[in-house]
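Student: What follows is a structure written as structure tokens; I'll ask about it next.
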Amino acid sequence: MLDAHLRVRRGDRLFAADLRVGAGEIVLVVGPSGSGKTSVLRSLAGLLRPEEGTIRCGDEEWFARNGRVDVRPRDRAVGFVAQELALFPHLSAWRTVAFAIGGEGGRAERRAEALDWLARLGLADHADARPGELSGGQRQRVALARALARRSSALLLDEPFSALDAEAHAAAARVVRDVVSERRIPAVVVSHDAGDAVRLAARVSAMADGRLGAVEPAPS
Amino acid sequence: MRGRRPTPFGVLASAALVGVVLALALPLVAILTDTAPARLWASLRSDASLTALGLSFLGSGIAVLVVVVVGTPAAYVLATTRFPGRTLLGALLELPLVLPPAVAGIGLLAAFGPQGVVGGALDDAGVRLPLTFAAVVVALVFVAGPFHLRQAQSAFGALDPAVLDAARLSGAGEGAVFLRVAVPLAAPGLGAGATLTFARAIGEFGATLMFAGSLAGVTRTASLEVYTRFATDFPGALALSAVLVVISALLLLLARFLTARGEVDARA
């Protein structure tokens, strides 16, 4: 369960969010561009510091008491896709994914696991390509693979499908759905495509007037 | 169709460029053309020249190693964190670039000399720095180090913060972010900085002379050897100077190449 109540300031604009995402549940955050979706997601990841509020995930307190509790992004252990992707320019696709696997296990095991993630997202043939050699859609899927490969307690994905064609979009959404239900973790997906609610079987939460709340039930 | 005529400004600016090239290149070309190849070879084979060049390369090599190992993480902190007094500190660290060499030498003596700020403590511990090879290295680090610090700072400053954040979010600790992401991405800039530092160290003269002296075979580097010879053996001084010109030119070319590569990488 991800439970967040926060206010975050960007310049002279103030955004507020009330969000509860259950284990194994996906919430799709929709809203016009510039409405603050990304700021809220970055707050959840620990990249932006809210002015006030609380963020809890499972038994852990990530942010509380006006910042006296403020867990570092790394220690929140989220699978994160940034809108700008932020791939490692010097690493091939499989090394990028292996970077997020880290931990125990030898290089060969990490490589095998990384290749498996790339294959699930249809990138088996591009494992040795660096970001500069990939198309926009391929780069986006490498970023998604890196986020999913991380041993995570939540997924936070900012427009993870925006550069994909219909077929790749549906396939990638299926992988996200599978990971969320396998791991029983909460996921927040920012998207401008309302169709993702169906693809992800997600509840929809709309960002309007700087406020995120008013959760609608999942479409049947 | 009529071809475009050069504009008056274009002509003036081109003339200025020719002037700059002549002013800078003339002494260098004179050094190279005044040195007969046979004379050069004979001079270079002399023990004093070889020893001096060896000391220059060894001292500069050690200095670059020290500067890279200590200066690179320091530049990373300066480039990627905001703290009060950061601009002031940055300017302070670049001060040795513009100090008169004599002032740098006096500063080193005031710090590490027998009556210096830490020199006394060093003396008590049985360490005497001035007039030793170690003093040469200290002088080179002090005078040439800022070149690397400066270049490394701008290389780290050009990195996309989102990429460093992505590494953290992928589970990397700060040390791994530095070693596995920041350093590889900044590598061309770091290489250029180290090369410039080496080039500056090879050319170092004033601070070394004042702080380390000019003891043949101990602290007399190539540039000090040129100075020693210039009164008694001008052709010999000229020959050694020619070698230094060629070495410096090659190093600067390498630094340029690395900087250009860094800019290409940053755009990719």
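We did not get these values from a lab; they are worked out from the coordinates using the rules stated. Because the structure is a prediction, the values reported are computed rather than measured. Heads up, the Cβs are rebuilt from the backbone with ideal geometry, glycines too, and the neighbour counts pull from every protein chain shown.
Student: Please work out the C-alpha center-to-center distance from region A:32-100 to region B:209-235 and express it in whole Å.
Tutor: Their Cα centres are 59 Å away from one another.
Student: Apply the Debye scattering formula to region B:38-267, with a single equal point scatterer on each alpha-carbon and no solvent, then give log10 I(q)/I(0) at q = 0.15 Å⁻¹.
Tutor: Each listed q corresponds, in turn, to -1.02.
Student: Normalised by the number of residues in chain B, what is the relative contact order in percent for Cα pairs under 8 Å and 6+ residues apart?
Tutor: This gives 29 percent for chain B.
Student: Using a basic spin-label model with each label point 7 Å from the Cα along Cα→Cβ, how many nm lie between A:Asp116 and B:Val11?
Tutor: 7.5 nm
Student: What's the FRET efficiency of B:Glu263 with B:Val218 using the Cβ-Cβ distance as r and R₀ = 51 Å, to the nearest 0.05?
Tutor: It comes to 0.75.
Student: Something else now. Could you compute the longest span of chain B free of trypsin sites (Lys or Arg not before Pro) located in DSSP loops and having at most 12 other Cβ atoms within 10 Å, not counting the site residues?
Tutor: B:83-268
Student: Let me ask something additional. To the nearest 500 deg cm²/dmol, what mean residue ellipticity at 222 nm is calculated for chain B from DSSP H runs of n ≥ 4 alone, each contributing -39,500 (n - 2.57), summed and divided by the residues?
Tutor: Dividing the helical sum by the residues of chain B leaves -25500 deg cm²/dmol.
Student: Continuing with this model, one more query. Roughly how many nanometres apart are two label points built 7 Å out from the Cα toward the Cβ at A:Glu167 and A:Ser181?
Tutor: The answer from the label model is 2.4 nm.
Student: I would also like to ask the following. Quick one: among B:Gly175, B:Gly71, B:Gly217, which has the greatest mean-square fluctuation in a GNM of chain B with alpha-carbon springs under 10 angstrom?
Tutor: B:Gly175
Student: Restricting to the protein assembly as shown, compute how many DSSP beta bridges are antiparallel as a %, nearest 5.
Tutor: Of all bridge pairs located within the protein assembly as shown, approximately 60 percent are antiparallel.
Student: To the nearest 20 debye, what is the magnitude of the charge dipole of the protein assembly as shown about its Cα centre, counting +1 on the Cβ of each Lys and Arg and -1 on the Cβ of each Asp and Glu?
Tutor: Dipole of the protein assembly as shown, to the nearest 20 debye: 560 debye.
Student: With label points built 7 Å along Cα→Cβ from the Cα atoms of B:Leu250 and B:Phe57, find their separation and express it in nm.
Tutor: Reported label-point gap for B:Leu250 and B:Phe57 is 0.9 nm.
Student: Taking only DSSP H segments of four or more residues, each worth -39500 (n - 2.57), what value at 222 nm results for chain A once the sum is divided by all its residues, to the nearest 500 deg cm²/dmol?
Tutor: -9500 deg cm²/dmol
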